[in-house]
Amino acid sequence: MAAAGSASVGTIPVQNLRPGDHAFVSYADDDAGRDVVSAFAWAGLVKKEKVMVFAAPDLDEDEVWNRLDAPGALIGAAREHGQLVLSSMRALIHPQDGFTPQRQWERITEETDRALAEGYSGLRTYIDMHWVGDLDADVGVMMHRESHAEHLFTGRPYTEICAYDCRWFEPAVLEAMHQAHPCRLLPRLGALHAEQTEGMVQLAGEADLATREQFIGAVREALRRSEDSRLLVVDLSGLIFLGVACAFDLLRLVLTHAHGPVQVHCPPTPARILRQAGADQVPDLVISEVEH
């Protein structure tokens with residue numbers, strides 16, 4: 001079940017995570033997801049949050065630090081001052097040896113309170129779910145924890161990514177956990193996700209030259225679905241970047257395809273780009289500005 005009170009729902013880029021989010025992400029090879037955890041950590045540091053990374057237990061600590069590091073002194077200073085911490089599920093639940101949801105919930109609550117007491121604005125954790133095998137934990141018990149953790153997030157400055165290796169978990173488990181988390185992350189930076197529903201197409205991620213054909217295809221399909229003059233909502237509120245080429249593509253497609261009224265929901269920056277591209281001169285198209 002989705003956590004009531006979560007700040008975000010649906011599929012979003014990691015950059016759009018907010019306090020109170022409980023997010024699912026999956027990966028299928030050893031190099032996948034490096035940019036996700038790095039962006040997650042950096043965003044937390046910039047927002048003055050404490051960041052804890054629970055990497056896959058078989059990864060060497062130096063390798064994890066290398067994955068997080070980038071030019072500049074931010075990571076080193078955060079590491080030195082305790083704002084960025086590498087840990088493990090085994091260390092988190094110590095001295096208890098076996099995993100129980102209650103013990104983990106208790107410790108995460110303590111760590112969130114500790115982060116606030118230390119002067120940080122909140123706590124965010126990246127948890128690689130390989131800890132399940134490392135602790136020989138029951139997968140069903142883990143799934144119960146994941147689907148009953150609302151109290152960790154509701155009204156609390158706590159953000160969590162749960163990263164699942166598709167090669168290790170059964171497809172049924174992955175699907176259940178995908179549904180159990182209120183928000184799902186794009187698996188990498190620079191990706192675009194399109195979701196078609198009745199009268200709406202929702203786009204999340206980055207609409208640029210690399211994803212342009214996917215963007216065009218999604219908008220074209222949405223317009224085809226609205227040929228009977230029904231209202232079409234093009235929801236761009238999940239985009240963190242809208243390139244000029246994609247903005248022109250959207251307007252061109254609206255002008256050249258039969259459709260009913262079109263409302264484009266987007267943050268102020270994409271709205272400005274669309275207006276500069278001539279959106280105000282496109283018949284039956286309305287720009288509606290929304291916040292992330």
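Close amide H pairs (under 5 Å, H built 1.01 Å from N) link D21 with A7, E160, residues at least 5 positions away or on another chain. Relative to its Kirkwood radius, the Cα radius of gyration of the range 11-159 gives an Rg/Rh of 0.93. Near A28, once Lys and Arg are set to +1 and Asp and Glu to -1 for all other residues with Cβ below 9 Å from its Cβ, the sum equals -1. Each label point was placed 7 Å from the Cα along the Cα-to-Cβ direction; for A91 and T256 their separation is 5.6 nm.
The residues neighbouring F99, those whose beta-carbon lies less than 15 Å from its own, together hold a net charge of -3 under the Lys/Arg +1, Asp/Glu -1 convention. At full extension, M143 and R224 could sit 25.2 nm farther apart than now, given 0.36 nm per residue minus the alpha carbon distance. Over all Cα atoms in the range 87-162, the spread is summed up by Rg and Dmax: 12.3, 36 Å.
Computed per residue of the chain from DSSP H runs no shorter than four, each worth -39500 (n - 2.57), the mean residue ellipticity at 222 nm is -11000 deg cm²/dmol.
Shown here: the range 208-292, whose C-alpha atoms stretch 31, 25, 22 Å along the first, second and third principal axes, sorted largest to smallest.
Here the translational diffusion coefficient of the range 121-181 follows from Stokes-Einstein with Rh set to the Kirkwood radius across Cα pairs; for 4 °C and 1.567 mPa s it amounts to 104 µm²/s.
Summing +1 for each Lys or Arg and -1 for each Asp or Glu among the other residues whose beta-carbon sits under 11 angstrom from that of A117 gives -2. Remark: relative contact order (the range 15-114) = 25 percent; criterion is Cα-Cα distance under 8 angstrom and separation of 6 or more residues.
Compared with the direct C-alpha span, the chain from W168 to D31 gains 47.8 nm at full extension, assuming 0.36 nm per residue. Working from the Cα coordinates of the range 128-276, the gyration tensor eigenvalues give, after taking √(5λ), semi-axes of 37, 16, 15 Å in decreasing order. Computed over the chain, the convex hull of the alpha-carbon atoms projects to a mean area of 16.1 nm². With θ taken as phi - 60° and the Karplus curve 6.51 cos²θ - 1.76 cosθ + 1.60 applied, the whole-hertz 3J(HN,Hα) list for the range 97-103 is 8, x, 7, 9, x, 4, 5 Hz, x standing for glycine and proline.
Each value in this text was obtained by applying a stated rule to the coordinates, not by laboratory testing. Please read all numbers here as calculations on a predicted model, not as lab measurements. We place every Cβ from the backbone using ideal geometry, glycine too, and count neighbours over all the protein chains shown.
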